[in-house]
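Beneath this line is the structure, given in structure tokens, with notes to follow.
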Amino acid sequence: MNTPTDQSDFEAPEKPRRARVEDAVDPDADAPSTAEPRQRDYLDGFLAQKPAEASVGGAGSDLQQAVVDALKEIYDPEIPVNIYDLGLIYGVEVDDDADATVTMTLTTPHCPVAETMPGEVELRAASVPGIRDAEVNLVWDPPWGPDKMTDEARLELGML
């Protein structure tokens, strides 16, 4: 039968000793001693590292932003807002070969500039320094609507 015991019968385990900096093993301790002790500089490797070469294209690249900036210079002839803020540009992609692909739409299929606007967009994107080639994909789905406009465009048109 088990009998209750008093806690004073047990000894508490000894707490482990905390690690100290002095306890650290120096990897150069076995190396022959030189005139000057080794100075640890933890930034040597960091400072000697060269920055990684940035990719040419990709989301958020400078080249993609340059294409977007060039497209913001094209204005819809009937509405005094650039086509990017108007929401006609659905996507701008620049691949690692510096080829730009612009996916866009028009306000309506019967837009008066339906024949010329995609060509102008392609020409403007291809003229960005660093872009090798540009292609425009004209899509109708999803259809354009005023909800695609930026707040800046709505403000310009008095819709806010």
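Listed residues Ala100, Ala134; which is buried (at least 18 other Cβ atoms within 10 Å of the Cβ), over 26 Å from Leu157 (Cα atoms) and either acidic (Asp, Glu) or over 21 Å from the mean Cα position of the chain (by Cα) (or both)?
Ala134
Which of the residues belonging to the stretch 64-82 are within 23 Å of the chain's Cα centre (by Cα) and open to solvent by less than 40 Å² (accessible area, probe 1.4 Å)?
Gln64, Ala66, Val67, Val68, Ala70, Leu71, listed by residue number.
For the stretch 137-160, give me each residue that is farther than 14 Å from Leu106 by Cα, of a type outside the set (Asp, Glu) and open to solvent by 50 Å² or more (accessible area, probe 1.4 Å).
Arg154, Leu155, Leu157, Gly158, Met159, Leu160
The values are calculated or read from the model by the stated rules, or taken from the named source; none is laboratory data. Predicted model, so just to flag it, every value in this text is computed and none were measured. Backbone-built Cβ (ideal geometry, glycine too); neighbour counts: all protein chains shown. Protein only, heavy atoms only, side chains kept; ligands, DNA and RNA dropped before computing areas. Shrake-Rupley method; radii C 1.70, N 1.55, O 1.52, S 1.80 Å.
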